[in-house]
Each structure stands twice: as C-alpha cells, then as structure tokens.
Amino acid sequence: MDWFVCGNFASVSCGTWLGFWSGAIGAVVAAFVGGLVALMVVRLTNGHQKKLAAQARVLGALADFQAALSEMPRRYADGKESIQRLVIQADAASNRITMDIDDFPLAEELSLWPLDLGVLAVRAGRLHSDGHAERSHEVWALLRRALGTLIGTTQQWAKTPAKRRTHWAKDLRAVRTKLKDEVDATLA
C-alpha cells in the first residue's frame, strides 16, 4: 500500500500526486465559494429588482390616481355618472398603491380621497346645475385647493425617501378633515 500513497503509481511521482490532489481540493473549495458568492449576488440583485419594480408600480398607480382626480374639477358639470367613473378609476389606482407600499396609514388615507373629492365634485355640479353659480364656484375652489395639496404632496413621492413620508398621512388627513368642515360651512 505504500507504493500507492507515496510511490510511483501509474508512473506518476508522489509529489505530482500531492500537487494534483491539492489542486483538486483547492478547485472544489474555490467552486463552492464562487457558487456561494454568485448565489448571494443573484439574490441581492433579485431583491433590488423587486424593490425597483414595486416602486415603478407605485409611481404608475400614483400617476393614474392623480390623473383621475385631476379630471374632477374639469368634469364636475358633466354630472354624477362622469364623476363616479373618475372615483372608480382613482379608487382602483389607490388599491394598486396599497399593494406595493408598506406605510398602511398613508395607503389608507390615500384610499379615502377619491370618494371625498368625488362627493365634493358632485355637490359643485349639482349647485351649478341648480343655478347657484356663486356657491358652486366656492365648492369648486375648495375642490381645486384640496386637490392641489394632494397632488402636490404625492408628486414628491419618487424624490422623497420612505422615512420622510411618514408624516404625509397625518398631514393629508388634516387637509381632508379641514376640507369637510369648509364644505359643511359653505353649504350651510
């Protein structure tokens, strides 16, 4: 058995065999480490890709949300059905936003805006069609101001880190609550 371990086996010297086995073991270890590194890189890349895809979906949904809500001041005189379609579009977009963000209070707040603005647009339209132009204009101005705040805030989404968006839900809720109070005062 000595000739196998350190002798000339198959006309190959002991030093050559040791070099061969050292290289083979080194290659196996290098392949294992390389495989682990490649796996880590793929996992990190996939995680980053998922994050970027979620951000893109949120931005697309926000664009749809803003587009539907922005039509309300232009369409308030078209009637309730027109506004209802816009509310449905904005609500669907807010649901898409909710699926991809981790800030539930903000998602919940955004989901309340389409209906509130829709009710306001319908009221402005009803006042307009009933011949109350001045009151209709007051409600329309409230709608435009609230919409401007909402869209101005959400347009900053891509530029604002998630940590700095934590106060948005509270700020938007305050604007929406104030809007309801102003509408009630205007219509009283």
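For the stretch 134-162, which positions are assigned to a helix (DSSP H, G or I) and within 17 Å of Leu59 (Cα to Cα)?
Keep residues of the stretch 134-162 that are assigned to a helix (DSSP H, G or I), which gives 134-154, 157-159, 162.
Once the filter is applied, which keeps residues that are assigned to a helix (DSSP H, G or I) and within 17 Å of Leu59 (Cα to Cα), the stretch 134-162 yields Leu150, Ile151, Gly152, Thr153, Thr154, Trp157, Ala158, Lys159, Ala162.
Are any residues in the stretch 97-113 buried (at least 17 other Cβ atoms within 10 Å of the Cβ) and either aliphatic (A, V, I, L, M) or without any contact (Cβ under 8 Å) to a residue 40 or more places away in the chain (or both), and if so, which ones?
Listed by number, the residues that qualify are Ile97, Thr98, Ile101, Leu106, Ala107, Leu110, Ser111.
If the requirement is being exposed (fewer than 15 other Cβ atoms within 10 Å of the Cβ), part of a helix (DSSP H, G or I) and not hydroxyl-bearing (Ser, Thr, Tyr), which of these qualifies: Asp171, Asp116?
Details: Asp116 fails: exposed (fewer than 15 other Cβ atoms within 10 Å of the Cβ).
When all the criteria are applied, what remains is Asp171.
If I ask for residues that are over 25 Å from Ala56 (Cα atoms) and assigned to a helix (DSSP H, G or I), which ones from the stretch 79-113 would you list?
Of everything in the stretch 79-113, those that are over 25 Å from Ala56 (Cα atoms) and assigned to a helix (DSSP H, G or I) turn out to be Lys80, Glu81, Ser82, Ile83, Gln84.
Touching a helix residue (DSSP H, G or I) at 6+ places or on another chain (Cβ under 8 Å) and either at pLDDT 90 or above or closer than 15 Å to Thr177 by Cα (or both): which single residue out of Arg96, Arg123 fits that description?
Arg96
If I filter the stretch 119-130 down to residues being part of a helix (DSSP H, G or I) and over 34 Å from the mean Cα position of the chain (by Cα), which single residue comes out as surrounded by the fewest Cβ atoms within 10 Å (Cβ to Cβ)?
It comes out as Ser129.
Give the stretch 131-166 a look and list any residue that's under 19 Å from Asp184 (Cβ atoms), of a type outside the set (S, T, N, Q) and either modelled with pLDDT of 90 or more or surrounded by 14 or more Cβ atoms within 10 Å (Cβ to Cβ) (or both), or say none.
Those that are under 19 Å from Asp184 (Cβ atoms), of a type outside the set (S, T, N, Q) and either modelled with pLDDT of 90 or more or surrounded by 14 or more Cβ atoms within 10 Å (Cβ to Cβ) (or both): His132, Arg135, Glu138, Val139, Trp140, Ala141, Leu142, Leu143, Arg144, Arg145, Ala146, Leu147.
The values are calculated or read from the model by the stated rules, or taken from the named source; none is laboratory data. From a predicted model like this one, the values you see are computed outputs, not experimental measurements. Please note: Cβ atoms are built from the backbone with ideal geometry, for glycine as well, and neighbour counts cover all protein chains shown.
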